[in-house]
Amino acid sequence: MKLELRGGILMAETEYGLALLDENSGEYWTLNPTAAVVLETMLAGRGTDEAVHALTERYDVSDSFAQQDVDRILTELRSAGLIGEN
């Protein structure tokens, strides 16, 4: 399954990470650099293992810590209704 942004969600890079805007409600979210790496990796069609690897390559963190971050970030994005799977 491939991760995708829900319809009506726009994404823009910022100096700090990413911003997501819901065109319908006007709500927006800011993603820190860690969350941005995870989301961009997953939107590129890669899996959670690749997202974990991207975090461990960029930051000095263990695989288990990176996995926890990936799981938490994806859970939060799903709970906010920002992403879905195709």
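Nothing in this text is a laboratory measurement; each read-out follows from the coordinates by a stated rule. Please read all numbers here as calculations on a predicted model, not as lab measurements. Note that each Cβ is placed from the backbone with ideal geometry, even for glycine, and that neighbours are counted across all protein chains shown.
Remark: pairs (first residue in the range 44-60, within 15 Å of Leu3 (Cα to Cα) and in contact (Cβ under 8 Å) with a residue 40 or more places away in the chain; second residue surrounded by 15 or more Cβ atoms within 10 Å (Cβ to Cβ) and aliphatic (A, V, I, L, M); Cβ separation under 9 Å; 6+ apart in sequence or on different chains) = Gly45/Leu3.
Only one of the numbered conditions (1) within 17 Å of Gly84 (Cβ to Cβ); (2) among the aliphatic types (A, V, I, L, M); (3) not in a strand (DSSP E or B) is violated by Val37, and that is (1). Can you find, within the range 40-86, the residue that is surrounded by the most Cβ atoms within 10 Å (Cβ to Cβ) among those that are assigned to a helix (DSSP H, G or I) and either touching a Pro at 6+ places or on another chain (Cβ under 7 Å) or polar (S, T, N, Q) (or both)? Going through the qualifying residues, I end up with Thr41. Each residue in the range 22-39 was checked for being surrounded by 15 or more Cβ atoms within 10 Å (Cβ to Cβ), farther than 18 Å from Gln67 by Cα and under 14 Å from the mean Cα position of the chain (by Cα), and 1 of them qualify.
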